[in-house]
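The values are calculated or read from the model by the stated rules, or taken from the named source; none is laboratory data. Every value quoted in this text rests on a predicted model; they were computed, and no experiment measured them. Here the Cβ positions follow ideal geometry from the backbone for every residue, glycine too, while neighbour counts run over all protein chains shown.
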Amino acid sequence: MGNLATVQRIYEAFGQGDIPAILALLADDVEWESWADNTAVKAGLPWMTPRRGRAEVVHFFEAAGQMEIVDLQILNMMEGGNQVAVEFVLEANLPAWGGGHYRDEEIHLWTFDDRGKVVRLRHCTDTAKQIASFKG
């Protein structure tokens with residue numbers, strides 16, 4: 001399976017709630033939301049918390065599972081070298097965190113190793129919008 005097909009499978013599995021299928025596509029030492037300086041990370045957004053390894057990435061899905069996803073539209077997927085970028089629209093209610101709401105156009109940047117496993121995910125988003133909705 002190529003990197004683009006792997007990412008397509010990840011979003012399909014997410015839509016089906018099949019988290020074990022997603023975890024199986026990640027490298028053991030995957031870096032999830034690994035940023036040197038990110039405002040959303042500093043604000044403590046549970047879905048933007050840096051994680052390392054599959055066991056920690058599970059906690060991302062626990063946080064995402066507390067969101068009420070109103071709309072998720074994949075707009076485009078682009079592959080180059082060992083990376084796949086996914087442009088999407090996400091609209092979510094945040095009942096677990098004060099009832100905030102946001103709609104945003106975002107990008108996921110997936111990076112792969114030579115075995116075709118995800119070694120890093122970075123989430124490019126309007127952090128101010130997400131922080132405001134997190135605070136309710």
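A few points about this structure:
- The lone criterion from (1) in contact with a Ser or Thr (Cβ under 9 Å, 6 or more places away or on another chain); (2) under 19 Å from Ala128 (Cβ atoms); (3) touching a residue at least 40 places away in the same chain (Cβ under 8 Å); (4) outside any helix (DSSP H, G or I) left unmet by Glu106 is number (3).
- If you go through the stretch 1-56 and keep only what is at pLDDT 95 or above, closer than 21 Å to Phe88 by Cα and of a type in the set (Val, Ile, Thr), you end up with Thr6, Val7, Ile10, Ile19, Ile22.
- Top-ranked residue in the stretch 1-27 [being among the small types (Gly, Ala, Ser) and under 30 Å from Gly136 (Cα atoms); ranked as surrounded by the fewest Cβ atoms within 10 Å (Cβ to Cβ)]: Gly17
- For the stretch 28-38, the condition holds for no residue, the condition being that it is without any contact (Cβ under 8 Å) to a residue 40 or more places away in the chain and buried (at least 16 other Cβ atoms within 10 Å of the Cβ).
- Residues satisfying the stated conditions in the stretch 68-92, i.e. in contact with a helix residue (DSSP H, G or I) (Cβ under 9 Å, 6 or more places away or on another chain) and closer than 15 Å to Ala132 by Cβ: Ala92
- If you go through the stretch 95-136 and keep only what is buried (at least 16 other Cβ atoms within 10 Å of the Cβ), of a type in the set (A, V, I, L, M, F, W, C), in contact with a strand residue (DSSP E or B) (Cβ under 9 Å, 6 or more places away or on another chain) and at pLDDT below 95, you end up with just Phe134.
- Residues in the stretch 1-39 that are on the phi > 0 side of the Ramachandran plot and either assigned to a helix (DSSP H, G or I) or touching a His at 6+ places or on another chain (Cβ under 9 Å) (or both): 1 in all.
- Residues in the stretch 39-64 that are among the hydroxyl-bearing types (Ser, Thr, Tyr) and surrounded by 15 or more Cβ atoms within 10 Å (Cβ to Cβ): Thr49 alone.
- Selection from the stretch 65-91 of residues that are acidic (Asp, Glu) and either surrounded by fewer than 14 Cβ atoms within 10 Å (Cβ to Cβ) or over 29 Å from His101 (Cβ atoms) (or both): Glu68, Asp71, Glu79
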